[in-house]
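*Asks:* Shown below is the structure under consideration.
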Amino acid sequence: MDTKILSGVDLSFEVYTKLRERIESLKNQSITPSLAVVLVGNNPASKVYVKNKIKRFKDLGLDSSTFTFPENVTEESLLKKIIDLNNDNAFHGILVQLPLPGHIDSEKILTIIDPKKDVDGFHPVNLGNLTAGSPIFIPCTPKGILRFFEHYKIELSGKHVVVVGRSNIVGRPISILTSLKGRYLNATTTICHSGSSDLFKFTQMADVIILALGKPHFLKSEHIKQGAIVIDVGINRIENKEGRGILVGDADIKSLEGKASAITPVPGGVGPMTIAMLVENTVEAAERLLNNES
Ligand code: GUN
């Protein structure tokens with residue numbers, strides 16, 4: 001069986017083509033969607049992610065500002081900054097890059113963000129709306145994953161989706177979303193995590209596997225059934241045989257080739273779609289503000 005490689009790069013460019021029209025329409029009304037990014041500490045991966053997000057905003061003619069804080073910043077200073085950003089009309093969206101240092105209560109920080117500016121969709125109000133089946137802001141990675149299903153016409157109805165990982169960023173929201181009623185949704189979803197015994201028993205039964213656990217080359221050929229679809233959210237830095245740092249996913253793509261019917265590559269799969277959805281959510285935030293105010 002040929003394994004189809006589902007490119008997130010190509011798909012993200014389709015998203016940007018559509019967004020350009022909406023951005024132009026906003027600009028014609030003197031509005032440039034704008035994102036405030038809060039970056040704490042020196043996590044190298046976080047710095048790269050933020051750099052990539054900012055670059056995309058710039059390329060599309062959108063505004064963004066990054067507010068950086070040292071690793072030892074107090075929770076109080078961060079809370080104050082976010083309240084200022086909530087009240088600052090210059091920004092339509094606020095993103096706090098995760099993870100935050102251990103002494104900061106991330107939930108407290110995410111909960112103080114104005115839900116109307118919560119373009120990451122992590123605020124309990126947004127997660128609550130999503131769970132109730134009426135999402136407003138959908139977290140970027142899960143939203144990007146749904147676009148793969150829509151674009152490649154992967155019908156989930158009647159299928160068994162197995163999600164590996166239960167983070168609030170990916171695993172939990174995508175498990176809820178795939179099981180909602182709707183076109184390209186309506187799946188029977190199982191969520192597996194570190195407390196699951198015999199995890200591979202579930203992946204072997206799955207029609208679609210969504211991997212978000214952060215373990216390089218975790219999923220191999222013997223762990224899936226013939227023809228399964230694998231959505232790989234993992235981004236892991238490892239050393240190759242020559243000692244060079246490379247990025248790999250949670251799936252062992254070489255091992256899965258010929259057995260999976262389709263797989264998202266790393267890099268170039270889910271990652272570019274996460275950024276595209278952040279841009280889309282920020283454009284949506286600006287549009288909503290305009291429509292509510294006019
Ligand atoms: N860290 C890893 N993924 C994400 C994400 O989608 N948003 C934020 N804010 N932080 C992250």
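*Asks:* With the structure loaded, tell me whether residue 58 is free of Cβ contacts under 8 Å to residues at least 12 places away in the same chain, surrounded by fewer than 16 Cβ atoms within 10 Å (Cβ to Cβ), of a type outside the set (Phe, Trp, Tyr) and within 24 Å of residue 21 (Cα to Cα) or whether it fails that test.
*Replies:* It is true that residue 58 is free of Cβ contacts under 8 Å to residues at least 12 places away in the same chain, surrounded by fewer than 16 Cβ atoms within 10 Å (Cβ to Cβ), of a type outside the set (Phe, Trp, Tyr) and within 24 Å of residue 21 (Cα to Cα).
*Asks:* Quick check on residue 16: is it closer than 23 Å to residue 270 by Cα, in contact (Cβ under 8 Å) with a residue 12 or more places away in the chain, away from the ligand (no atom under 16 Å from the Cβ) and not small (Gly, Ala, Ser)? Outline the logic, then answer.
*Replies:* Details: closer than 23 Å to residue 270 by Cα: yes; in contact (Cβ under 8 Å) with a residue 12 or more places away in the chain: yes; away from the ligand (no atom under 16 Å from the Cβ): yes; not small (Gly, Ala, Ser): yes.
Yes; evaluated as a whole, the condition is true for this residue.
*Asks:* Counting only residues that are within 16 Å of the ligand (Cβ to nearest atom), surrounded by 18 or more Cβ atoms within 10 Å (Cβ to Cβ) and either over 17 Å from the mean Cα position of the chain (by Cα) or not hydroxyl-bearing (Ser, Thr, Tyr) (or both), how many does the stretch 251-283 have?
*Replies:* Of the residues in that region, 13 qualify.
*Asks:* Further question on the same structure: Within the stretch 41-91, which residues are part of a loop (DSSP other than H, G, I, E, B) and among the hydroxyl-bearing types (Ser, Thr, Tyr)?
*Replies:* 74
*Asks:* Scan the stretch 153-174 for residues that are open to solvent by less than 60 Å² (accessible area, probe 1.4 Å) and either within 14 Å of the ligand (Cβ to nearest atom) or closer than 23 Å to residue 9 by Cβ (or both) and report the count.
*Replies:* Result for the stretch 153-174: 7.
*Asks:* Next question. Residues being on the phi < 0 side of the Ramachandran plot, assigned to a loop (DSSP other than H, G, I, E, B) and surrounded by 20 or more Cβ atoms within 10 Å (Cβ to Cβ): count how many of those fall in the stretch 105-138.
*Replies:* The number of residues fulfilling the criteria is 9.
*Asks:* Can you name every residue in the stretch 230-250 that is open to solvent by 40 Å² or more (accessible area, probe 1.4 Å) and either in contact with an Asp or Glu (Cβ under 8 Å, 6 or more places away or on another chain) or within 22 Å of residue 142 (Cβ to Cβ) (or both)?
*Replies:* 235, 245, 246, 247
The values are calculated or read from the model by the stated rules, or taken from the named source; none is laboratory data. Predicted, not measured: the structure shown is a model, and the values here were computed from it. Cβ atoms come from the backbone with ideal geometry, glycine included; neighbour counts cover every protein chain shown. Note: accessible area is taken over every heavy atom of the protein model, side chains too, but ligands, DNA and RNA are not part of it. Shrake-Rupley method; radii C 1.70, N 1.55, O 1.52, S 1.80 Å.
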